[in-house]
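Worksheet: one structure, shown below.
The values are calculated or read from the model by the stated rules, or taken from the named source; none is laboratory data. Everything quoted here is computed from the prediction, not taken from an experiment. Every residue, glycine as well, gets a Cβ built from its backbone with ideal geometry; the counts of neighbours run over all protein chains shown.
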Amino acid sequence: MQRHDGKLRKIPETTIRRLPAYLRALTLTGLDRVTSETLGQASGYSSEQVRKDLAYFGAFGTRGVGYDVSMLTQEIRHILQLDQGVRAVVVGAGRLGTALVRHTDEMASDVVISAVVDINPVVIGTALGHLTVEPLDHLEDLIAERDIGMGIITVPAAGAQAVCNRLVAAGVHAILNFAPTSLTVGNPEVFVQDIDLTLEMQALAYFVGTAARTRP
């Protein structure tokens, strides 16, 4: 097996986004070895795409034999830095923020939510899963004290940019934004992913309508 540091080459963002799907498929397979075809079918991609994506990071398989599931699982976890203990803070303890914390608690997620903050005095101090909701004023201190590298924004759109600015200034490297607005980040080393559930549902409505129009 040959492996090299993915940082030495420009890795397409789409490749990084497929790696968690491969990791999930490996976790669920129940096999000791898998081929690229089997891994592709389990994750929803072609065998060619699997081989191309993994080739960015090294030669993990053996021609005609496939991949050792345990080894490849460890390698993908290493590539995604999940073996280093990724910690996140949720900003906004409303319904969505609460659901995210509880979900990660129940699923034993590789990304550990280490803090939850809010501005609402009604929820500050209350228990949420294994955590206690803390004041937003503590955000920067929590990020430093708990070595938090990811921010998850679940506040209303009007407050999202201000929260984003504070997260970036505090030193996070990635932000998952659920607020229905696009964020501006001045630091090119901070990656932001916007997830607007309303826009996603509106896009899916097209396929619902298409299916209805094609019915006999």
Among (1) loosely packed, with under 13 Cβ neighbours inside 10 Å; (2) closer than 20 Å to residue 99 by Cα, where does residue 182 come up short?
(2)
I'd like the residue in the range 160-175 that is among the hydrophobic types (A, V, I, L, M, F, W, C) and either more than 23 Å from residue 145 (Cα to Cα) or in contact with a Leu (Cβ under 9 Å, 6 or more places away or on another chain) (or both) and, out of all such residues, is surrounded by the fewest Cβ atoms within 10 Å (Cβ to Cβ).
170
Quick check: is even one residue across the range 147-159 in the same structural domain as residue 16 (by TED's automatic domain parsing) and among the acidic types (Asp, Glu)?
no
For the range 15-30, which positions are over 13 Å from the mean Cα position of the chain (by Cα) and over 14 Å from residue 41 (Cβ atoms)?
15, 27, 30
Somewhere in the range 54-63, is a residue of a type in the set (Lys, Arg) and touching a helix residue (DSSP H, G or I) at 6+ places or on another chain (Cβ under 8 Å)?
no
Looking at (1) among the small types (Gly, Ala, Ser); (2) surrounded by fewer than 20 Cβ atoms within 10 Å (Cβ to Cβ); (3) modelled with pLDDT of 95 or more, can you tell me which one residue 64 breaks?
(3)
